[in-house]
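The structure appears below as structure tokens.
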Amino acid sequence: STEVWNPSWCKDNMKKVVGIAVSTLVVLVVAGLGFFALRKPAMAPPSGVRVESTPELIARGKYIYEVAADCAGCHSERDYSKFSGPFVAGGTGKGFTFPPELGLPGKVTASNITPDLETGIGAWTDGEKIRAIREGVGRDGHAEFPMMPYQNYRRMSDEDVQALVAYLDSMPPVKNKLPKTELDFPLRYLIVGFPQPVAGPVVGPDKNDPVKYGEYLVTIAACVGCHTQEERGQPNPELLFAGGHEFRIGKFSAKSTNLTPDVETGIGSWTEERFLQSFRKYGKFAQGAPLPPATDANFTPMPWPVFSQRPDDELKAIFAYLRTLKPLRKPGSKPL
């Protein structure tokens, strides 16, 4: 018998094949989205540690909260109509929803970290607080947006993180209900892969080694996050510490400075004394001098009056570490 080619039959079957392929693709996409939506971050149970709230530990924790790790910088209401955005009275720790002009990938809120039972972290155990700080996992098991630099804080020593928690426990509770962070697609699902449990004890740096000590201080201060230009929402790994990250708040904008030892665009020609003085000159504001209004010329999100309180040994160690970085020619918009 002779087979006759039937164009109509081929066309109908091609439609079926395409339909099956499209249906399969839809099923795979839905299944993939379902997987990401239901996926939980890597996590370990919170430790059962109960932090001892001694005056010494609370004082150390206050320093970490306000200066060394600058937790207050994000988790507080700030007045950016004044130089360096000072904290609004009664606003520290109450949380803050970042303005849209920052260009963040969605609605981002730094949560209320005062010990208020309803809107803060008053019901959390100390182990849950430590896990959130160093591992990026909330009390309910969700992954924190890594704008909260828990990937840096995982290097925070056991002693320092417990001091920080001791201070958080001692803060006055502030009732301040805030909207939850709502990230854009697909980032809301991708951040689930960022948290990782901290394995074993974390010891502090050798303070007799300035470079190692400086590296620790720079890490827990998360300096790289602000002093690195971003690409697709993440710091460019080829330009670490080279500045160029743009900040826009209200009508003002500024780019972060280059902290690498490049001679022309960074701090390569600086002396240790010049580095110290770049902080010390703002000490008068920490002592109560009135802050000038913010202008195009002086706008900065960096809390200089707060950072001016760092002791000399810390600033010298930070400078020693920054001098070991690879020099990168990438000018920022403003000098330190």
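The values are calculated or read from the model by the stated rules, or taken from the named source; none is laboratory data. Since we're looking at a predicted model, the values are computed, not measured. Neighbour counts are summed over all protein chains in view; Cβ atoms, including those assigned to glycine, are modelled from backbone coordinates with ideal geometry. When the accessible area is computed, the model is the full protein with side chains, heavy atoms only, and any ligands, DNA or RNA have been set aside. Shrake-Rupley method; radii C 1.70, N 1.55, O 1.52, S 1.80 Å.
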Ranked output for segments 117-126, 266-275, 291-300 by mean other Cβ atoms within 10 Å, highest leading, reads 117-126, 266-275, 291-300
Accessible area of the chain with a 1.4 Å probe: how many percent of it is carbon plus sulfur? 58
Which whole number in µm²/s is D for region 197-336 by Stokes-Einstein, with the Kirkwood Rh taken over Cα pairs at 20 °C and 1.002 mPa s? 133
Computed over the chain: longest principal axis from alpha-carbon atoms vs helix 7-38 long axis, angle to nearest 10 degrees, is 30
Which residues qualify? For Thr228, with a placed amide H closer than 5 Å and at least 5 residues away or on another chain, they are Phe241, Gly243, His245
What accessible area per residue, rounded to a whole number of Å², is obtained for the chain using a probe radius of 1.4 Å? 55
With DSSP loop assignment and no more than 11 other C-beta atoms within 10 Å, the trypsin sites (Lys or Arg not before Pro) in region 235-270 are Lys251
Hey, could you grab the Kirkwood Rh for the chain? Inverse mean 1/r over distinct alpha carbon pairs, Å, one decimal. 22.3
For region 73-174, one quarter of the surface area of the C-alpha convex hull, expressed in nm², comes to 7.1
Two-decimal log10 I(q)/I(0) for region 194-245, as the Debye equation yields it once each C-alpha is a single scatterer, q = 0.15, 0.28, 0.30 Å⁻¹: -0.57, -1.00, -1.04
Arranged from highest to lowest average of other beta-carbon atoms within 10 Å per residue, in what order do the peptides 39-49, 88-98 appear? 88-98, 39-49
On alpha-carbon atoms, Rg over Rh for region 142-238 using Kirkwood Rh? 1.01
Asserting the computed 222 nm helical MRE of the chain (DSSP H runs at least 4 long, -39500 (n - 2.57) per run, divided by residue count, to nearest 500) equals -10000 deg cm²/dmol
